[in-house]
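To keep things clear, I will list the structure first and then write my remarks on it.
Please treat every number below as a calculation from the coordinates, not as lab data. Bear in mind the structure is a predicted one, so any value in this text is a computation, not a measurement. Positions of Cβ are backbone-derived with ideal geometry, glycine not excepted, and every protein chain shown enters the neighbour counts.
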Amino acid sequence: MDLVVQGPAIGAAELSTIAALSGAQGIAALDGGAQQAYRLARVEARAGVAEFCAIAGIDCAFVDPRLTRDRVRLVAMDMDSTLITIECIDEIADMQGIKPAVAAITGAAMRGEIDFRESLTRRVALLAGLPVAALERVYDERVALAPGAQRMIRGFAAAGAKTLLVSGGFTFFTERLQARLALDDAVANTLEVADGRLTGRLTGTIVDAEGKAARFAALKHGLCAGDGIAVAIGDGANDLPMLRAADVSIAYRAKPVVRAATTHAIDHSGLDAVLNLFPDK
């Protein structure tokens, strides 16, 4: 195994300690974008590495060097608090002056405390009467990409991977992000609108945790024959079925229940840190 360490700042002393703990037989600097990144080759030990890195604010991942970037055929990502920095429904609710009530339901669902489908129905009902123009304001004024998002997408696309944006959020936002970032596919929920206002209901099939996983699995089946790799990135409990279906799963600034269930976790770096988990040939 190799060890990849990444973070906003990794000092020489910290790198030396990590190398000593892991018994690495070589160190190579990587192109980390906005963060520093290193690959420690042929590590011999794991004890103490994760604990030291957590205290130092460094992301670490023990990776199989055979999982090269050119083998990645599919990269799927959640939208809210993963590809973008906000929870769209919470910001929409803010336009109604009910953000605390909606955010509380969102938080409980993300932690897995209540069923996502129930939570979504309850939250959307609270938005009844909101003008569609408020959605435009949220997109224009509040939607911000996660650090490194564009670099990650470009990097995997250059290696031949297809990209999927899969969200329990809303098509109003996924469609705009898909066009903006040249993503290959997207799936989300559709808000019902009447007379220019939200009705408080959804139309069509609800995209919940199982819906996310189903779209991911279908694309994986078509794209990853042979030795292809399917990667999934998420942060909440409703991402877990999709993450479990991935060959490599990544928790991005995620809830503890998600970090505990994934291959790797990124807590301190940007999304483009995912690129360095898969070396170039």
*With the Cα gyration tensor of region 1-106 in hand, convert its eigenvalues to equivalent ellipsoid semi-axes via √(5λ) and list them largest first in whole Å.*
36, 18, 12
*region 1-95: GluC sites (Glu not before Pro) in DSSP loop, at most 13 other beta carbons within 10 Å*: GLU44
_Largest-first principal axis extents, alpha carbons of the chain, Å_ = 65, 39, 31
*Full-stretch length increase - GLN150, ARG137 - with 0.36 nm per residue and alpha-carbon distance subtracted*: 2.5 nm
*Using only Cα atoms, figure out Rg for region 191-254 and give it as a multiple of 2.2 N^0.38 Å.*
1.44
*Cut-off 16 Å (backbone N to label point 7 Å along Cα→Cβ of GLU113), residues of region 209-239*: 236-238
*If we sort 143-154, 20-31, 238-249 on the protection proxy, mean other Cβ atoms within 10 Å, highest first, what's the order?*
238-249, 143-154, 20-31
*With label points built 7 Å along Cα→Cβ from the Cα atoms of ILE27 and ALA128, find their separation and express it in nm.*
6.1
*How much length is gained if the chain between GLU44 and HIS221 is pulled fully straight, taking 0.36 nm per residue apart and subtracting their Cα-Cα distance, in nm to one decimal?*
60.2 nm
*Taking only Cα atoms, what is the 0 to 90° angle, nearest 10, from helix 149-158's long axis to the longest principal axis of the chain?*
70
*Between the DSSP loop rule and a limit of at most 13 other Cβ atoms within 10 Å, which GluC sites (Glu not before Pro) in region 109-189 are left?*
GLU113
*Taking all pairs of distinct Cα atoms, average 1/r, flip it, and tell me the Kirkwood hydrodynamic radius of region 172-280 in Å to one decimal place.*
15.6
